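Enquirer: The structure's right below; bear with me while I get my questions together.
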Amino acid sequence: MTLKISVIGTGYLGATHAAAMAELGYSVVGVEVDAGRLASLQRGKLPFYEPGLEEVMVSNIEAGRLRFTNDAAQAAAWADVQFLCVGTPQQKGLQSADLSFAFAAIDALAAHIKPGALVVGKSTVPVGTTRVLEQRFLAAQPHRTDVKFAWNPEFLREGFALEDTLHPDRVVIGINDAESEALLRSVYAPMITEGIPFIVTDIATAELVKVAANSFLATKISFINAMAEVCEAAGGDVTTLAEALGHDVRIGNKFLHAGVGFGGGCLPKDIRAFAARAEEIGAGKAVAFLGEVDQINLRRRDRILALARVLLNDDDLTGRRITVLGASFKPDSDDIRDSPSLAVAVLAHEAGAIVTVHDPKAILNAQRVHPELGYEHSLEDAVRGAEILLHLTEWREYRSADPADLFNLVALPNIIDGRNVLDHGQWSQAGWDMLAPGRTLPLRVPVG
């Protein structure tokens, strides 16, 4: 018998998980309460950009393994495994996570859930959330002790979501009973056969894994950005420093790229929620350093504008024409949540600059949130007449752009490489004045 799976919440995580489970051969229904998103998914259209995912989703819809509905009751009564993939955003005005969507999902399932079903959380949540959800369920259905709860954190990277779901680095499950473990081993049998590490632990540890991983990555990024601050003060070069550090196998070179800092819908809100939850359970001092990790990250945005003022030799940005290259928080995504590049664009606008933003995929999302900024869909039109370019999202289109061609379009050949990934020698030889975080000296090489 084919395993029946429901996925509650079909945002970025849920849509990816639903398509991946169907790709593994299971019968899957995705539950979505947002009418616009549901209509899009039912037409086989993703409401966000993720390379390769839409094609897999469409093929499984056509094969009859995947469908989408707003009927949570029907899905609850039908599925053997209910995956919770709802959002857990930061509460407005607070550091802690907003669990209202998780609570709503449990309330929707409670009266209709299939006997013996397993509820599996995948969202990033504060430790202790599973216990709260189970208590909420039992308060509504006190006699339904046959329903089990487990936690199975996700480890998706935007731009690689499908690969990360079908071929993850590891699968972690937090369970309370042997039956739940057996069922999840069945769900993830293809990964286990592939030799992917399958880690079975208690629920609290499973809840902690994702926030701990994100906190570690955020700390590593902020560490190299802190070193960029030191390099600027001391006259060092953070890229060479990072290269030297990266050769140490205990450190490694991943996430050692100094620049404008991290963003997105995970790292910023997750480290804040982790710190808030740690404080609640009496472990606040253990993660107090995350506050400085956050502050280092936020300082990078101001530093980009400081470098722009240095290159323009003008403390007053009023009327200066600035083009921001990138609106999404990372390449191969249209996600603008807590995007450093878009935050810098807003800061420049607030400082009086005339700001134009370009992005290969995220312009429409950016326009909806920040209509006060200017936008161009063509890179050439975006840079035309600019006095300085701010390279803030490392899209391939920007890395491969010919600096000689762009030189002929701008008013002044100034560029801030906010990601430290451009070929500085090539840009300098084309006549550009260039600055980058942690490398404060102009790198212009005389032409000829």
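Coordinate-derived values only; no laboratory data. Quick caveat: nothing in here was measured; it's all calculated off a predicted structure. Please note: Cβ atoms are built from the backbone with ideal geometry, for glycine as well, and neighbour counts cover all protein chains shown.
Enquirer: Once you've got the Cα coordinates, tell me which of Lys4/Lys122; Lys45/Lys269; Lys254/Lys330 are over 23 Å apart. It would help to have the intermediate numbers written out before the result.
Expert: Values: Lys4/Lys122 17 Å; Lys45/Lys269 28 Å; Lys254/Lys330 15 Å.
Going by Cα-Cα distance, Lys45/Lys269 fall outside the 23 Å limit.
Enquirer: How many nm is it between the label spots at Glu62 and Phe103, if each spot is 7 Å from the Cα in line with the beta carbon?
Expert: Simple spin-label model gives 4.4 nm for this pair.
Enquirer: Follow-up. Could you please report the charge total around Gln90, scoring K, R as +1 and D, E as -1 over all other residues with beta-carbon less than 13 angstrom from its beta-carbon? Before the final figure, lay out the partial values.
Expert: Details: positive: Lys92, Lys269, Arg272, Arg277, Arg337; negative: Asp98, Asp270, Asp294, Asp338.
Its environment carries a net charge of +1.
Enquirer: Another question, if that's okay. Grab the other residues whose beta carbon is less than 14 angstrom from that of Arg396, score K and R as +1, D and E as -1, and report the net.
Expert: Values: positive: Lys330, Lys361, Arg399, Arg419; negative: Asp332, Asp359, Glu394, Glu397, Asp402, Asp423.
Net charge around Arg396: -2.
Enquirer: Something else now. If neighbour count is taken as other Cβ atoms inside 10 Å, put Val119, Val171, Val29 in order from fewest to most. Numbers along the way, then the final one.
Expert: Details: Val119 26, Val171 19, Val29 23.
Result, fewest neighbours first: Val171, Val29, Val119.
Enquirer: Please list the equivalent ellipsoid semi-axes of region 1-47, computed as the square roots of five times the alpha-carbon gyration tensor eigenvalues, in descending order and whole angstrom. Before the final figure, lay out each step's value.
Expert: Working: eigenvalues 72, 20, 16 Å².
Each semi-axis is √(5λ); the values are 19, 10, 9 Å.
Enquirer: Taking 0.36 nm per residue of sequence separation and subtracting the Cα-Cα distance, how much length would be gained by fully extending the chain between Glu243 and Glu55, in nm to one decimal? Please list the in-between numbers first.
Expert: Working: separation 188, 0.36 × 188 = 67.68 nm, distance 3.79 nm.
Result: 63.9 nm gained on full extension.
Enquirer: May I ask what percent, to the nearest 5, of DSSP beta bridges between residues of the chain are antiparallel? Before the final figure, lay out each step's value.
Expert: Working: 3 of 45 bridges.
About 5 percent, rounded to the nearest 5.
Enquirer: If N is the number of residues in region 235-351, what value comes out of its Cα radius of gyration divided by 2.2 N^0.38 Å?
Expert: Working: Rg = 17.0 Å, N = 117, 2.2 N^0.38 = 13.4 Å.
For region 235-351, the normalised Cα radius of gyration comes out at 1.27.
Enquirer: Which whole-number percentage describes the relative contact order of region 4-56, with Cα contacts under 8 Å and a sequence gap of 6 or more? The partial results should precede the final answer.
Expert: Details: 56 pairs, mean separation 17.9, N = 53.
Result for region 4-56 is 34 percent.
Enquirer: Mind checking which of Gly425, Gly265, Gly438 has the largest fluctuation in a GNM of the chain, springs on alpha carbons under 10 Å?
Expert: Among Gly425, Gly265, Gly438, the largest mean-square fluctuation in the Gaussian network model of the chain belongs to Gly425.
Enquirer: Ok, one more. Could you pull the Rg and Dmax for region 211-294, using just the Cα atoms, both in Å?
Expert: Values for region 211-294 (Cα only, Rg and Dmax): 14.1, 43 Å.
Enquirer: To continue, here is another question. Around Arg384, with a cut-off of 14 angstrom between Cβ atoms, what is the net charge of the other residues, counting Lys and Arg +1 and Asp and Glu -1?
Expert: Values: positive: Arg321; negative: Glu376, Glu380, Asp381, Glu387, Asp405.
Result for the local shell: -4.
Enquirer: State the percent of C-alpha pairs, over all pairs in region 158-205, separated by a distance greater than 12 angstrom.
Expert: Tail of P(r) above 12 Å: 63 percent of Cα pairs.
Enquirer: Can I ask one more? Given the convex hull over the Cα atoms of region 331-405, what projected area results after averaging over all orientations, in nm²? It would help to have the intermediate numbers written out before the result.
Expert: Working: hull surface 19.3 nm².
Here the figure is 4.8 nm², rounded to one decimal.
Enquirer: Under a plain spin-label model, where a point goes 7 Å from the Cα along Cα-to-Cβ, how far apart in nm are Leu347 and Thr145?
Expert: About 5.7 nm separates the two model spin labels.
Enquirer: Taking N as the number of residues in region 1-139, what value does Rg over Cα atoms divided by 2.2 N^0.38 Å take? The partial results should precede the final answer.
Expert: Details: Rg = 14.7 Å, N = 139, 2.2 N^0.38 = 14.3 Å.
That ratio works out to 1.03.
Enquirer: Run a plain Debye calculation on region 122-256 (Cα atoms as equal point scatterers, no solvent) and give log10 I(q)/I(0) at q = 0.13 Å⁻¹, rounded to two decimals, same order as the q list.
Expert: The Debye formula, applied to the Cα set alone, gives -0.72.
Enquirer: Quick one: order Leu325, Leu3 by neighbouring beta-carbon count within 10 Å, fewest to most. Working shown, then result.
Expert: Numbers: Leu325 28, Leu3 17.
Sorted ascending by nearby Cβ count, the order is Leu3, Leu325.
Enquirer: How much of the pair distance distribution for the chain lies past 37 Å, counting alpha-carbon pairs only, in percent?
Expert: Numbers: 31741 of 100128 pairs.
More than 37 Å apart: 32 percent of the Cα pairs in the chain.
Enquirer: Would you calculate, for the chain, the mean residue ellipticity at 222 nm contributed by helices, counting each DSSP H stretch of 4 or more residues as -39,500 (n - 2.57) and dividing by all residues, to the nearest 500? Each step should come with its number before you reach the end.
Expert: On the way: 19 runs with 199 residues, N = 448.
Taken over the chain, the calculation gives -13000 deg cm²/dmol.
Enquirer: Can you pull the one-decimal nm distance between simple spin-label points at Lys45 and Glu397, each 7 Å off the Cα toward Cβ?
Expert: 2.0 nm
Enquirer: Report the Cα centroid-to-centroid distance between region 198-254 and region 36-88 in angstrom, as an integer.
Expert: When both Cα centres are located, 35 Å separates them.
Enquirer: Nearest-5 percent of antiparallel DSSP beta bridges in region 1-125?
Expert: 5 percent
Enquirer: What length, rounded to one decimal in nm, is gained on full extension from Gln74 through to Glu194, with 0.36 nm per residue of separation minus their alpha-carbon distance? The partial results should precede the final answer.
Expert: On the way: separation 120, 0.36 × 120 = 43.20 nm, distance 3.36 nm.
Value of the extension gain: 39.8 nm.
Enquirer: If you build the convex hull over the alpha carbons only and average its shadow over all orientations, what do you get for region 298-435? Give it in nm² to one decimal.
Expert: Average of the hull's projected areas for region 298-435 equals 7.0 nm².
Enquirer: Taking trypsin sites (Lys or Arg not before Pro) as exposed when DSSP calls them loop (any state but H, G, I, E, B) and at most 15 other Cβ atoms lie within 10 Å, what is the longest stretch of the chain free of them, the sites themselves excluded?
Expert: Details: sites that count: Arg43, Lys45, Lys92, Arg144, Arg157, Arg170, Arg250, Lys254.
With a cap of 15 other Cβ atoms within 10 Å, the longest stretch comes to 255-448.
Enquirer: Order of Val172, Val324, Val147, Val33 from fewest to most other C-beta atoms within 10 Å?
Expert: Arranged by neighbour count, lowest to highest, Val172, Val324, Val147, Val33 become Val33, Val147, Val172, Val324.
Enquirer: If exposed GluC sites (Glu not before Pro) are those in a DSSP loop with at most 16 other Cβ within 10 Å, what is the longest stretch of the chain that has none?
Expert: Values: sites that count: Glu372, Glu376.
Value returned for the longest uninterrupted segment is 1-371.
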